[in-house]
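Everything below concerns the one structure shown next.
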Amino acid sequence: MSTTQQEINQLKHKLESSRQEALVDSLTGLLNRRGCDDKLQALDFEQTHSSLVIDIDHFKKINDNFGHFIGDKVIQRIAKIIKSHLTEQDFAVRFGGEEFLVVMTNKSIIEAKEVAEKIRIAIEKMKLIQRETNDPLPPISVSIGIAQNNNAQDWPSLFKEADNALYQAKKSGRNRCICA
(Lines give C-alpha, C1' and ligand atoms only; values in the text may rest on other atoms or scores of the structure.)
Protein backbone atom coordinates (compact mmCIF):
# COMPACT_ATOMS: atom_id res chain seq x y z
CA MET A 1 0.00 0.00 0.00
CA SER A 2 2.77 2.47 0.87
CA THR A 3 4.56 1.62 -2.40
CA THR A 4 1.42 2.52 -4.32
CA GLN A 5 1.17 5.81 -2.44
CA GLN A 6 4.82 6.58 -3.25
CA GLU A 7 4.17 5.88 -6.93
CA ILE A 8 1.13 8.16 -6.87
CA ASN A 9 3.17 10.92 -5.24
CA GLN A 10 5.95 10.49 -7.81
CA LEU A 11 3.43 10.69 -10.65
CA LYS A 12 1.87 13.81 -9.12
CA HIS A 13 5.33 15.38 -8.85
CA LYS A 14 6.17 14.48 -12.47
CA LEU A 15 2.82 15.87 -13.64
CA GLU A 16 3.38 19.15 -11.81
CA SER A 17 6.93 19.35 -13.15
CA SER A 18 5.68 18.81 -16.71
CA ARG A 19 3.01 21.45 -16.21
CA GLN A 20 5.63 23.95 -15.04
CA GLU A 21 7.85 23.13 -18.02
CA ALA A 22 4.92 23.84 -20.34
CA LEU A 23 4.57 27.34 -18.85
CA VAL A 24 8.22 28.41 -18.82
CA ASP A 25 10.58 29.37 -21.64
CA SER A 26 13.45 26.88 -21.50
CA LEU A 27 16.12 29.37 -22.63
CA THR A 28 15.40 32.18 -20.18
CA GLY A 29 13.43 30.66 -17.33
CA LEU A 30 10.80 33.38 -17.84
CA LEU A 31 7.18 32.56 -18.48
CA ASN A 32 6.16 31.73 -22.03
CA ARG A 33 2.85 32.89 -23.58
CA ARG A 34 0.90 30.02 -22.02
CA GLY A 35 2.40 30.80 -18.62
CA CYS A 36 1.52 34.45 -19.13
CA ASP A 37 -2.10 33.57 -19.92
CA ASP A 38 -2.30 31.51 -16.73
CA LYS A 39 -0.94 34.37 -14.61
CA LEU A 40 -3.26 36.93 -16.22
CA GLN A 41 -6.34 34.88 -15.33
CA ALA A 42 -5.47 35.29 -11.65
CA LEU A 43 -5.33 39.12 -11.90
CA ASP A 44 -8.21 41.58 -11.66
CA PHE A 45 -7.94 43.72 -14.80
CA GLU A 46 -9.93 46.51 -13.13
CA GLN A 47 -7.03 47.28 -10.80
CA THR A 48 -4.18 49.50 -11.99
CA HIS A 49 -1.64 47.55 -14.01
CA SER A 50 1.11 48.57 -16.39
CA SER A 51 2.91 46.70 -19.10
CA LEU A 52 6.30 46.93 -20.75
CA VAL A 53 7.11 45.54 -24.18
CA ILE A 54 10.89 45.24 -24.54
CA ASP A 55 12.73 44.52 -27.78
CA ILE A 56 16.49 44.06 -28.26
CA ASP A 57 17.73 46.66 -30.73
CA HIS A 58 19.42 45.31 -33.88
CA PHE A 59 19.36 41.76 -32.53
CA LYS A 60 19.62 40.24 -36.01
CA LYS A 61 23.10 41.77 -36.33
CA ILE A 62 24.20 39.95 -33.16
CA ASN A 63 23.01 36.61 -34.53
CA ASP A 64 24.46 37.31 -38.01
CA ASN A 65 27.86 38.48 -36.74
CA PHE A 66 28.37 36.25 -33.70
CA GLY A 67 26.06 33.26 -34.22
CA HIS A 68 22.92 31.99 -32.53
CA PHE A 69 24.78 30.60 -29.53
CA ILE A 70 25.96 34.11 -28.61
CA GLY A 71 22.51 35.48 -29.48
CA ASP A 72 21.00 33.04 -26.98
CA LYS A 73 23.50 34.17 -24.31
CA VAL A 74 22.48 37.80 -24.91
CA ILE A 75 18.80 36.86 -24.53
CA GLN A 76 19.57 35.00 -21.29
CA ARG A 77 21.51 37.93 -19.82
CA ILE A 78 18.79 40.41 -20.74
CA ALA A 79 16.11 38.15 -19.26
CA LYS A 80 18.12 38.01 -16.02
CA ILE A 81 18.42 41.81 -15.91
CA ILE A 82 14.69 42.26 -16.54
CA LYS A 83 13.77 39.79 -13.81
CA SER A 84 16.19 41.39 -11.33
CA HIS A 85 14.30 44.70 -11.57
CA LEU A 86 10.84 43.30 -10.85
CA THR A 87 8.97 42.77 -7.61
CA GLU A 88 7.50 39.39 -6.68
CA GLN A 89 4.06 40.57 -7.84
CA ASP A 90 5.34 41.48 -11.33
CA PHE A 91 6.22 38.94 -13.99
CA ALA A 92 8.22 38.78 -17.18
CA VAL A 93 7.47 36.78 -20.31
CA ARG A 94 9.59 35.84 -23.28
CA PHE A 95 7.00 36.85 -25.83
CA GLY A 96 8.91 36.19 -29.03
CA GLY A 97 12.44 35.68 -30.30
CA GLU A 98 14.01 38.83 -28.83
CA GLU A 99 10.88 40.41 -27.41
CA PHE A 100 9.83 40.41 -23.78
CA LEU A 101 6.62 41.41 -22.04
CA VAL A 102 6.44 42.57 -18.44
CA VAL A 103 3.23 42.85 -16.43
CA MET A 104 3.55 45.17 -13.46
CA THR A 105 0.67 44.56 -11.09
CA ASN A 106 -0.81 47.44 -9.14
CA LYS A 107 1.66 49.90 -10.64
CA SER A 108 1.00 53.14 -12.49
CA ILE A 109 2.67 54.09 -15.74
CA ILE A 110 4.92 56.48 -13.77
CA GLU A 111 6.23 53.61 -11.63
CA ALA A 112 6.54 51.40 -14.71
CA LYS A 113 8.57 54.03 -16.56
CA GLU A 114 11.04 54.26 -13.65
CA VAL A 115 11.56 50.49 -13.75
CA ALA A 116 11.79 50.50 -17.56
CA GLU A 117 14.53 53.14 -17.46
CA LYS A 118 16.49 51.14 -14.88
CA ILE A 119 16.22 48.04 -17.08
CA ARG A 120 17.26 49.99 -20.20
CA ILE A 121 20.28 51.53 -18.48
CA ALA A 122 21.39 48.21 -16.93
CA ILE A 123 21.30 46.56 -20.36
CA GLU A 124 23.11 49.48 -21.97
CA LYS A 125 25.90 49.17 -19.35
CA MET A 126 26.17 45.41 -19.85
CA LYS A 127 29.62 44.31 -21.07
CA LEU A 128 29.79 41.03 -22.94
CA ILE A 129 32.97 39.30 -24.06
CA GLN A 130 33.15 36.40 -26.50
CA ARG A 131 35.01 33.65 -24.61
CA GLU A 132 36.80 32.02 -27.55
CA THR A 133 38.27 35.23 -28.97
CA ASN A 134 38.14 37.46 -25.89
CA ASP A 135 36.59 40.11 -28.17
CA PRO A 136 33.99 42.43 -26.69
CA LEU A 137 30.52 42.34 -28.22
CA PRO A 138 29.21 45.66 -29.45
CA PRO A 139 27.02 47.58 -27.00
CA ILE A 140 23.54 46.10 -26.60
CA SER A 141 20.46 48.25 -26.13
CA VAL A 142 16.71 47.81 -25.88
CA SER A 143 13.69 49.85 -26.80
CA ILE A 144 10.75 49.75 -24.40
CA GLY A 145 7.09 50.62 -24.84
CA ILE A 146 5.05 51.29 -21.69
CA ALA A 147 1.29 51.37 -21.16
CA GLN A 148 -1.19 51.45 -18.30
CA ASN A 149 -4.59 49.79 -18.40
CA ASN A 150 -6.62 52.97 -17.83
CA ASN A 151 -7.67 53.15 -21.53
CA ALA A 152 -7.45 49.45 -22.38
CA GLN A 153 -10.49 47.19 -22.28
CA ASP A 154 -8.54 43.95 -21.78
CA TRP A 155 -5.04 42.48 -21.60
CA PRO A 156 -4.51 42.20 -25.38
CA SER A 157 -5.42 45.86 -25.88
CA LEU A 158 -3.06 46.88 -23.05
CA PHE A 159 -0.24 44.93 -24.68
CA LYS A 160 -1.09 46.46 -28.06
CA GLU A 161 -0.78 49.98 -26.56
CA ALA A 162 2.64 49.08 -25.11
CA ASP A 163 3.65 47.54 -28.44
CA ASN A 164 2.64 50.71 -30.30
CA ALA A 165 4.77 52.73 -27.84
CA LEU A 166 7.66 50.32 -28.51
CA TYR A 167 7.46 51.09 -32.22
CA GLN A 168 7.51 54.81 -31.44
CA ALA A 169 10.69 54.22 -29.41
CA LYS A 170 12.27 52.38 -32.33
CA LYS A 171 11.23 55.05 -34.85
CA SER A 172 12.64 57.82 -32.67
CA GLY A 173 16.14 56.34 -32.46
CA ARG A 174 15.99 53.17 -30.31
CA ASN A 175 17.56 52.70 -26.88
CA ARG A 176 14.72 54.55 -25.19
CA CYS A 177 11.50 54.15 -23.25
CA ILE A 178 8.24 55.62 -24.57
CA CYS A 179 4.90 55.77 -22.78
CA ALA A 180 1.66 55.18 -24.66
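The values are calculated or read from the model by the stated rules, or taken from the named source; none is laboratory data. Quantities reported herein were computed from a predicted structural model and do not represent experimental measurements. Note: ideal-geometry Cβ built from the backbone for every residue, glycine included; neighbour counts use all protein chains shown. Accessible surface areas use protein heavy atoms only, side chains included; no ligands, DNA or RNA. Shrake-Rupley method; radii C 1.70, N 1.55, O 1.52, S 1.80 Å.
Across the stretch 43-56, rounded Karplus estimates of 3J(HN,Hα) from the backbone phi angles (6.51 cos²θ - 1.76 cosθ + 1.60, θ = phi - 60°) give 9, 8, 5, 5, 6, 6, 9, 10, 9, 10, 10, 10, 10, 6 Hz, Gly and Pro being marked x. The Cα atoms of the stretch 78-143 give a gyration tensor whose axes a ≥ b ≥ c have a/c of 1.5 or more with a/b greater than b/c, which makes the shape prolate.
For T48 and N65, calculate 0.36 nm times their separation in residues minus their Cα-Cα distance, and state this gained length in nm to one decimal.
Working: separation 17, 0.36 × 17 = 6.12 nm, distance 4.20 nm.
Extra length available between T48 and N65 comes to 1.9 nm.
Would the chain count as rounded, prolate or oblate if I go by the C-alpha gyration tensor, calling it rounded below 1.5 in a/c and otherwise prolate when a/b exceeds b/c, oblate otherwise? Oblate is the answer for the chain, as a/c is 1.5 or above yet b/c matches or exceeds a/b.
When the Cα positions of Q6, G67, A162 are compared along the charge dipole of the chain, G67 comes out farthest toward the positive end, with charges on each C-beta of Lys, Arg, Asp and Glu.
Per residue, what accessible area does the stretch 57-180 have, given a 1.4 Å probe and all protein chains present, in Å²?
Details: 6740 Å² over 124 residues.
On a per-residue basis, 54 Å².
Most tightly packed first, judged by the mean number of other beta-carbon atoms within 10 Å of their residues, the peptides 167-173, 97-103, 47-53 read 47-53, 97-103, 167-173. Per-residue ellipticity at 222 nm, computed for the chain from helices alone with -39500 (n - 2.57) per DSSP H run of at least four residues, works out to -16500 deg cm²/dmol. Derived scalar couplings between HN and Hα for the stretch 61-66 equal 5, 5, 4, 5, 8, 10 Hz in order, rounded to whole Hz, by the Karplus curve 6.51 cos²θ - 1.76 cosθ + 1.60 (θ = phi - 60°), x for Gly and Pro. Only the Cβ atoms of Lys and Arg (+1) and of Asp and Glu (-1) were treated as charged; on that basis the dipole of the chain about its Cα centre amounts to roughly 520 debye.
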